[in-house]
Amino acid sequence: MAMPENRSAYWAEPETGQAYPLSFEAYRRAREAEERPLARHLTLGAALDRQVWDRWRLAPTPEVEVLLTIRADAPPRVRRIASEVLRAIRRGRPAGDAIRQVSSRFGLRQARARACLADCLGFQMRPVRDDGAAPARARQPVAYPVDLM
């Protein structure tokens, strides 16, 4: 930074001769402009950035399928709650918001709805076939709207 013509509003740093404004706010802005840290992705280095990008781009396919199950003796009301929660999640709602919304529609406290779902829901994990084709049953959506009442 060259020394400005109005020298009374600036001071020069003794060792470097660099001119800075007398106002603290202006001085701080000038120093921050000089000492910008590198962007986070640049501090790691180009080689590491390339490695992370390649690993993300070539992410492996999952080796297992996760199937959501519901107990056969689950009450019809819990089946409806689960169905409504899954429908809301498919429409883009986060799981917590979906449970909160559905529990209020069914007249339950959120904690009670979560407890009912936790007691009746489970999951199964099974390996994916080597040929890359998923079983026909897994291609269908996990839960269809169930109207058992």
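The values are calculated or read from the model by the stated rules, or taken from the named source; none is laboratory data. Since this is a predicted model, take the numbers as computed values, not measurements. Reconstructed Cβ throughout: ideal geometry from the backbone, glycine too, with neighbour counts over all protein chains shown.
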Only residues that are outside any helix (DSSP H, G or I), over 18 Å from GLY96 (Cβ atoms) and not small (Gly, Ala, Ser): list them for segment 110-129, please. PHE123, GLN124, MET125, ARG126, PRO127, VAL128, ARG129
Within segment 66-115, which residues are β-branched (Val, Ile, Thr) and more than 30 Å from ARG129 (Cβ to Cβ)? VAL78, ILE81, ILE99, VAL102
Return the only residue of ALA98, ALA82, ALA88, ALA72 being in a loop (DSSP other than H, G, I, E, B), in the same structural domain as PHE123 (by TED's automatic domain parsing), among the aliphatic types (A, V, I, L, M) and at pLDDT 80 or above. ALA72
